[in-house]
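Quick notes on the structure that follows.
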Amino acid sequence: MTLMLASVTDAAEAEIALIEGADILDLKDPSQGPLGALDHQTIRAVVAAVGRRRPVSAVTGNLDMRPATLIEAAEALVAAGVDYVKIGLFPSEAQASIEALRPLAAKVNLVAVLFADLPHELSLLARLSAAGFKGAMLDTATKGTLRLIDHVDIAGLKMFVDLCHEAKLMAGLAGSLEPPDIARLLPLAPNFLGFRSALCSGHERARQIDAGQVKLVRDLIPRDTAPRDFDETVKVDWRLLSARGYSLDAEQKDTDRVFVHDLVLPVSIGAYDFERNRTQPVRFNVDVDVRRAAHHAEDMRDVFSYDLVIDAIKLIVSRGHIDLVETLAERLADALLAHPWVHRVKLRIEKLEVIDGSVGIEIRRERQAHSGKLRQVFAGLSDFAASPSD
């Protein structure tokens, strides 16, 4: 299950986030950048107001990377009552800081923050785990027009999450995330998604959070009704969507069509030796018949986004060489049909360099009636990494 982390600035915002269902309350001063720290008096007031109803995290602040400074700041946050301490790691001093924080990590729940818009080494994740850190988060250092997904593509974000999980770390994603990003990031199975600007009036992070915006984000992240820990087992269970009116009837006739046409990507594909260790242009045309909403679509809660189709394609082709277009087509169809809104797909995949024209395959697939079981969206992608190419 992916949790919702809401960044708040005071007890009043914390109460709004609690009422609307945020799973984790993250204390920071957004006017001071991604690591702006609140004063300890405010932190203690928020912790007292929350009263253990949800886990509370806080950032150490925009500090230099001297070990003594970091340790002092982290210990002060723990003394103020927070459950998790977030520490920003910058490229030049990251490795030395991790080692210096090893003794503290044995006593305090530390979460490292890496920045997608700065140089960052994924090899640090194994070091964080070895040093006793609880988790790692990929955020953006500069807040503005670019979002996390503008700095790192969907395949890169999946790699970050997978490497965190391999290292037994919680994985968090944040960085000017917007509501349309949520459905795209949930299939990557992060432990938590972090929000600030998306929760605020006008999506301006310096303004107070708005209850309606918090509810919108909350509704887009499947959840159960029980309180959860920050580090609970990761699993996206799309059966929970049925509680919000998502139809699970495979025979429902009222559908709309979402399509992606004439998408051309470089793909490592082909059964011949000369087709290996290189890419060639492949064109994708995909039509997806999805459940029609019971009312006119008003926001991202009411739609199946074409971004999910594009992301599924990119995730599959990022896994490595595929011998056959038939294999690629079946994997894509399986991935899309795993979504509970999807009833049938038609897709055409064409290799564009084989002849003066195109060659490929077109297939149509439907969800099996009365299957009685929903899978994680794009769940089959996790199997592709472990299995050889067909």
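A short reminder: the numbers here are calculations on the coordinates, not readings from a lab. Predicted, not measured: the structure shown is a model, and the values here were computed from it. Glycine gets a Cβ as well: all are built from the backbone with ideal geometry, and neighbour counts include every protein chain shown.
Between VAL359 and SER31, what is 0.36 nm times their sequence separation minus the Cα-Cα distance? Round to one decimal in nm. Don't skip to the end; give the middle numbers.
Working: separation 328, 0.36 × 328 = 118.08 nm, distance 5.45 nm.
Contour length minus Cα-Cα distance gives 112.6 nm.
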Lysine pairs in the chain with alpha-carbon atoms under 21 Å apart, 8 or more places apart or on different chains: how many are there?
22
Extended-chain gain in nm, criterion 0.36 nm per residue less alpha-carbon gap, SER123 and ALA96
8.3 nm
Fully extended, how many nm does the chain gain between GLU366 and ASP262 (0.36 nm per residue separation, minus their Cα-Cα distance)?
35.2 nm
Per-residue HN-Hα couplings for segment 32-49 [Karplus 6.51, -1.76, 1.60; θ = phi - 60°; Hz; x = Gly/Pro]:
10, x, x, 10, x, 8, 7, 6, 5, 5, 5, 4, 5, 5, 5, 4, 5, 5
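Rounded to the nearest 0.05, what FRET efficiency do HIS203 and ALA297 have when you use their Cβ-Cβ distance and R0 = 25 Å?
Details: r = 20 Å, r/R0 = 0.79.
Using R0 = 25 Å, I get an efficiency of 0.80.
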What list of ³J(HN,Hα) values in whole Hz, one per residue of segment 304-318 in order, does the Karplus curve 6.51 cos²θ - 1.76 cosθ + 1.60 (θ = phi - 60°) give from phi, with Gly and Pro shown as x?
9, 7, 4, 4, 5, 5, 4, 5, 4, 4, 5, 5, 5, 6, 6
Once both labels are modelled 7 Å past Cα along the beta-carbon direction, what's the ALA12-ALA48 spacing in nm?
1.8 nm
Sorted on mean Cβ neighbours within 10 Å (highest first), peptides 76-87, 201-212 come out as 76-87, 201-212
Checked segment 255-386 with the C-alpha gyration tensor, a ≥ b ≥ c its square-rooted eigenvalues, rounded below a/c of 1.5, otherwise prolate if a/b is larger than b/c and oblate if not; verdict prolate
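Between ALA106 and ASP39, take the C-beta separation as r, use R0 = 35 Å, and let me know the FRET efficiency to the nearest 0.05.
On the way: r = 28 Å, r/R0 = 0.79.
The value I calculate is 0.80.
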Compute the angle between helix 154-166 and the longest alpha-carbon principal axis of the chain, please, reported from 0 to 90 degrees and rounded to the nearest 10.
60 degrees
Return, ordered by residue number, the residues of segment 273-309 whose backbone nitrogen is under 12 Å from a label point located 7 Å along Cα→Cβ of THR327.
276
Mind giving me the nanometre distance, one decimal, between the label points for GLN280 and ILE19, set 7 Å out from Cα along Cα→Cβ?
6.1 nm
Rounded, prolate or oblate (a/c below 1.5 giving rounded, otherwise prolate when a/b exceeds b/c) for segment 3-236 by Cα gyration tensor:
rounded
If packing is taken as the average number of other Cβ atoms within 10 Å across a peptide's residues, how do 156-166, 306-316 rank, most packed first?
306-316, 156-166
